[in-house]
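Enquirer: Quick one: the structure is below, questions incoming.
The values are calculated or read from the model by the stated rules, or taken from the named source; none is laboratory data. Keep in mind the model is a prediction, meaning the values are calculated, not measured. Backbone-built Cβ (ideal geometry, glycine too); neighbour counts: all protein chains shown. Note: accessible area is taken over every heavy atom of the protein model, side chains too, but ligands, DNA and RNA are not part of it. Shrake-Rupley method; radii C 1.70, N 1.55, O 1.52, S 1.80 Å.
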Amino acid sequence: MQKRELVPGYKISPVIKGGWQLSAGHSLDKKIEDDRAIADTTSFIEAGITTLDFGDIYTGVEELIGKSIAKLRETHGDSARDLVQLHTKYVPNEKFLDNFDRSDVKTIVTRSLSRLGVDQVDMVQFHWWKYEANNYLAAMEELFKLKSEGKISHIGITNFDVERLSEMVDAGLKPASIQVQYSMIDTRAEDEMAQYCLENGIGILCYGTVAGGFFSERFLGTSEPTQVDTRSNVKYQLIIKEFGGWDLFQELLLILHHLADKYKVGIAEIAARYILQKPNVGGIIIGARN
């Protein structure tokens with residue numbers, strides 16, 4: 001898979017393997033088997049999907065990624081680490097935002113490095129729960145300190161709005177990327193965010209692009225499901241309702257099905273490609289349990 005330059009000097013695979021699906025509690029009816037997850041992750045990497053997205057709050061996932069890198073070392077030696085781009089997150093405890101302790105940043109990032117078994121992580125993506133607690137710039141300052149110490153290569157953010165992003169840029173804390181929900185049924189990123197990122201050289205990483213698997217032949221011509229498999233399905237069923245409902249979504253799936261047949265691919269590939277061709281989109285995050 002041909003890499004894309006997210007920011008100057010840093011390339012990622014345009015399809016990024018999402019890690020939320022491997023976290024404890026994501027699957028509503030199935031247990032994630034560690035050995036299978038490790039084998040699958042190494043298979044993704046060897047197939048060219050080398051950028052992995054996960055988070056410090058995804059229970060058990062950083063440890064699984066660390067074991068996957070250790071597994072790769074068995075066949076690739078010391079070069080195993082160079083095969084992957086590791087994108088974790090820093091998500092402070094929502095209860096302590098008003099009295100934010102700067103030392104929490106280093107504590108959590110150090111823990112992530114330990115879980116992953118690496119000295120440096122390629123990207124830490126920062127999430128903040130509420131703007132009313134305005135300590136997010138302090139947290140960004142601490143992340144940039146860790147970057148200067150060599151613990152982090154790049155700093156990203158997740159789910160911030162343009163106003164807060166511009167605050168960061170004005171304060172000299174410009175992130176390399178922002179992760180947002182962006183799909184054919186959720187185009188909010190096109191309102192202001194895409195243009196701002198284009199003008200300021202900030203990459204866009206997109207989740208929800210295949211709507212937790214709803215962009216699939218599996219759901220074409222079916223009634224709206226009353227029971228779903230994962231927390232992603234729960235979330236994106238709500239997004240479909242906001243889009244206009246199941247009947248309208250069926251119309252969209254049918255159009256995508258005709259396009260998919262024309263190009264000998266699947267509905268998910270068409271939905272993914274639609275977002276990948278958008279300006280300043282560096283990659284799309286596709287969650288896969290196997």
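Enquirer: Multiply the residue separation of Ala138 and Ala288 by 0.36 nm, subtract the distance between their alpha-carbon atoms, and state the gained length in nm to one decimal.
Expert: 50.6 nm is the gain from fully extending Ala138 to Ala288.
Enquirer: Mind jotting down the three principal axis lengths of the range 196-290 based on Cα atoms? Whole angstrom, largest first.
Expert: 44, 32, 30
Enquirer: For the range 194-239, max minus min Cα coordinate along each principal axis, in Å, sorted largest first?
Expert: Taking max minus min along each principal axis of the Cα atoms, the range 194-239 gives 43, 20, 13 Å.
Enquirer: Okay, next question. Given the chain reduced to its alpha-carbon atoms as identical point scatterers, what log10 I(q)/I(0) does the Debye formula return at q = 0.07, 0.14 Å⁻¹?
Expert: -0.26, -1.09
Enquirer: Springs between alpha-carbon atoms under 10 Å, Gaussian network over the chain: tell me which of Ser177, Ser112, Ser148 tops the mean-square fluctuations.
Expert: Ser148
Enquirer: How high is the FRET efficiency from Arg111 to Lys278, r the C-beta distance, R0 25 Å, rounded to 0.05?
Expert: The pair Arg111/Lys278 has a calculated efficiency of 0.10.
Enquirer: Just to confirm the number: angle between the C-alpha axis of helix 246-263 and the first principal axis of the chain, 0 to 90 degrees, nearest 10?
Expert: The answer is roughly 90 degrees.
Enquirer: Probe of 1.4 angstrom, ligands and nucleic acids ignored: what's the accessible area per residue over the chain, in square angstrom?
Expert: On the way: 13860 Å² over 290 residues.
So the chain comes to 48 Å² accessible per residue, rounded to a whole number.
Enquirer: What is the angle, in °, between the Cα long axis of helix 136-148 and the longest principal axis of the Cα atoms in the chain? Nearest 10 is fine, range 0 to 90.
Expert: 70
Enquirer: Would you compute the Debye intensity of the range 1-151 from its alpha-carbon atoms alone, equal scatterers and no solvent, and pass along log10 I(q)/I(0) at q = 0.14 Å⁻¹ to two decimals?
Expert: So the normalised log intensities work out to -0.73.
Enquirer: Still on this model: With r defined as the distance between the Cβ atoms of Ser79 and Val265 and R0 fixed at 22 Å, what FRET efficiency is calculated, to the nearest 0.05?
Expert: 0.10
Enquirer: Take the Cα coordinates of the range 237-290, assign each an equal point scatterer, and use the Debye formula without solvent to give log10 I(q)/I(0) at q = 0.25, 0.28 Å⁻¹.
Expert: At q = 0.25, 0.28 Å⁻¹ the computed log10 ratios are -1.09, -1.08.
Enquirer: Moving on to the next point. Could you check the simple spin-label distance between Leu238 and Glu149, using points 7 Å along Cα→Cβ, in nm with one decimal?
Expert: 3.6
Enquirer: Mind checking the angle between helix 34-46 and the chain's longest principal axis? C-alpha axes, 0 to 90 degrees, to the nearest 10.
Expert: Result, in degrees: 90.
Enquirer: A further question on this structure: Students often check this: by mean Cβ neighbours within 10 Å, which of 157-163, 273-279, 49-55 ranks highest, and how do the rest follow?
Expert: Taking the mean over residues of other Cβ atoms within 10 Å, the ranking is 49-55, 157-163, 273-279.
Enquirer: For the pair Ser166/Glu251, report the inter-label distance in nm, with labels modelled 7 Å from Cα in the Cβ direction.
Expert: Taking the two extended label points, one gets 3.5 nm.
Enquirer: Of the options His257, Gln277, Thr230, report the single residue whose Cα projects farthest towards the positive end of the charge dipole of the range 200-290 (beta-carbon charges: Lys, Arg +1; Asp, Glu -1).
Expert: Sorting the options by dipole projection puts first Gln277.
Enquirer: For the chain, what proportion of DSSP beta bridges, expressed in % and rounded to the nearest 5, is antiparallel? Could you put the intermediate results ahead of the total?
Expert: Details: 5 of 35 bridges.
Counting DSSP beta bridges with both partners in the chain, the antiparallel share is about 15 percent.
Enquirer: Given a 1.4 Å probe and every protein chain left where it sits, what share in percent of the accessible area of the chain is carbon and sulfur?
Expert: 48
Enquirer: Measure off 7 Å from each Cα along the Cα-to-Cβ vector at Asp101 and Trp129, then give the distance between these two points in nanometres to one decimal.
Expert: Placing both labels 7 Å along Cα→Cβ, they lie 1.6 nm apart.
Enquirer: Under 37 °C and 0.692 mPa s, how fast does the range 68-149 diffuse according to Stokes-Einstein, given a Kirkwood radius computed over C-alpha pairs? Answer in µm²/s, whole number.
Expert: The estimated diffusion coefficient comes to 234 µm²/s.
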